[in-house]
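Each remark here refers to the structure printed beneath this line.
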Amino acid sequence: MRFGVCAGVDAAPLLAEAGYDYIELSVAGDLAPETDDSAWSPHRHRIEQMPLPVEAFNSFVRSGKIVGPEADFARLRRYVNTALERAALLGAEIIVFGSGGARHIPNGFDREVARQQLLDFLHLCADASERTGVKVAIEPLNRRECNVLNLVSEGAAYAREVARPGVGVLADTFHMECEAEPLDAILAAADILLHVHTADTHRYAPGTGSYDYEALFRTLHQCGYDKRLSIECDFQGKLATLAAPALSRLKTAYAAAYKGSP
């Protein structure tokens, strides 16, 4: 298993020193898909100079709408193509599709139309994935953050309906706990599980709460999943002191579940 953290470029040296394998950056902030290549080039250089590889990106669509009357699919096509092309240039393999604001269904909007818009967007992602090799993982978000795609089982159903290798599902333990979704949902999505996010109790750093990481890793082991797990949490301004203990907590739980060291 490769362990990473959702963070900014400036955190890379600290995370590398703590022993992480990779960093997960932001599409909207770090790939800036609506800027031209010359404007993006200095930021690309900063990313390429990091002491950690960037293997995944999140915060896919931060502005604009995917669902509802304001959705602009010509713009979205350009955005998705640029995002996946730039991610591939940097060696990343995964883009996380959370984007709760962009996919939120407006009040009174036809939910069946919204469902089709989400499927159309995912097909745009699958098209771009075929050209770039970068895959898109649907991230279920709890109901306080979005009113659609709240469960791993729902994300898996959308991915299966798209039925293309460039689109799969992500399991985020924080959102699963918010929705009281059991770990069995991960088992049921094993064939299309692309990525995992985690946080401990109250969305704080692993090792600061009571989340059962041994159970999570036993489940992932049953799935045959041994790719990446990114911490997505609130370090409460203590990244420098909590990064290494958080990684140690994950590795200890992993070793217990997999009967070996990562």
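The values are calculated or read from the model by the stated rules, or taken from the named source; none is laboratory data. Keep in mind that what you see is a predicted model, and the values were worked out from it rather than measured. Methodologically, a virtual Cβ is constructed for each residue, glycine included, from the backbone with ideal geometry; neighbour enumeration extends over all protein chains shown. Only protein heavy atoms, including side chains, enter the accessible area calculation; ligands, DNA and RNA are left aside. Shrake-Rupley method; radii C 1.70, N 1.55, O 1.52, S 1.80 Å.
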Query raised in the report: Hey, what's segment 2-260 come to in accessible area per residue, 1.4 Å probe, Å²?
Result: 42 Å²
Query raised in the report: List the trypsin sites (Lys or Arg not before Pro) in segment 77-164 that DSSP assigns to loop (not H, G, I, E or B) and whose Cβ has at most 14 other Cβ atoms within 10 Å. Which are they?
Result: ARG143, ARG144
Report summary line: For the TYR258, ASP72 Cβ pair and Förster radius 51 Å, calculated FRET efficiency rounded to 0.05 is 0.65
**Report entry** Surface share of carbon and sulfur [accessible, 1.4 angstrom probe, percent] for the chain
**Finding:** 49 percent
Report summary line: Loop-resident chymotrypsin sites (Phe, Trp or Tyr not before Pro) in segment 25-112 with no more than 15 other Cβ atoms inside 10 Å, DSSP not H/G/I/E/B, are PHE109
Query raised in the report: So for the pair ALA180, VAL113, with labels modelled 7 Å out along Cα→Cβ, what separation do we get in nm?
Result: 3.4 nm
**Report entry** In the chain, lysine pairs with alpha-carbon atoms under 18 angstrom apart (chain gap of 8 or more, or interchain)
**Finding:** 4
